[in-house]
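What follows is a single structure, written as structure tokens, with notes after it.
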Amino acid sequence: MRTVALTMLLLAAVFGSAHAAERGLVTQIGTDHVNVTTRFAGQKILIFGALSRRGQILIKVSSPAQPVALSRKAQYGPFWLNSDKMVISTAPGLIYLLASAPVGKLLDEAQRRRYGLTLHHAVAHLSVPHVPAGMKDWREALIRAKRRDGYYREDGSAVSLVRDRLFYASVELPAKIPLGRYDLEIYLIRDGRIVSRQLRTVNVREVRLERWVSDVAQDHPWLFGVAFTLLAMALGLVLGIALRRDGES
């Protein structure tokens, strides 16, 4: 049932966007915004689309840049202690490279470097106050740390092709993510060349208490009702005590 619904959405997008179809690629995303509340635990974003004819798909997801502090440990006798530190002023907070096949098999080195379509190329130009010795090692350390925490990812099987004409992928954002505009670059690749590119954006924004209360009232009405009743009782008790003191005085 979900496949049928997805197919219908894709066909509607194709026929509703003739100009995009002429370029061989039509894309859509499940949502263009993500609300980060106090209970935010991550979110999945669906990316899907249609191809005019057979090809491969590569999706690059990138977040706003953010500062990153790295440290290097060294052994002093039986102890391992921090020996060197480096602060990167701006580094990609999140990078996902999701494809229908391994990126190295889709594009040659020159094209991957030009578009930043490997993790190493995506962090090739970091902003640092002072370039330290062994910058390559620090760059590798950044990639390892971000991979470990789930912020950098390269997956050649994350995009599914359906009958060589439809595609879809699910982007899983972690619980702690940078705020701001996320770029979703979708590439259509044929015969080792990028033949079409589309850009979609997702706005990740922090939502304050008012929206959180609204979500609780909608998702858990019984819990909201109990909390509201208890709050009203507490407020009534406080007002009653205050009025009694005023009367006695």
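So for the pair residue 44, residue 109, with labels modelled 7 Å out along Cα→Cβ, what separation do we get in nm?
Taking the two extended label points, one gets 3.8 nm.
Which distance in nm do the two modelled labels at residue 120 and residue 29 give, with both placed 7 Å along the Cα-to-Cβ direction?
2.9 nm
Throughout, read-outs are computed from the coordinates displayed, never taken from laboratory work. Nothing here was measured: the structure is a model prediction, and the numbers come from that model. Using ideal geometry, Cβ is built from the backbone for each residue, glycine included, and neighbour counts are taken over all protein chains shown.
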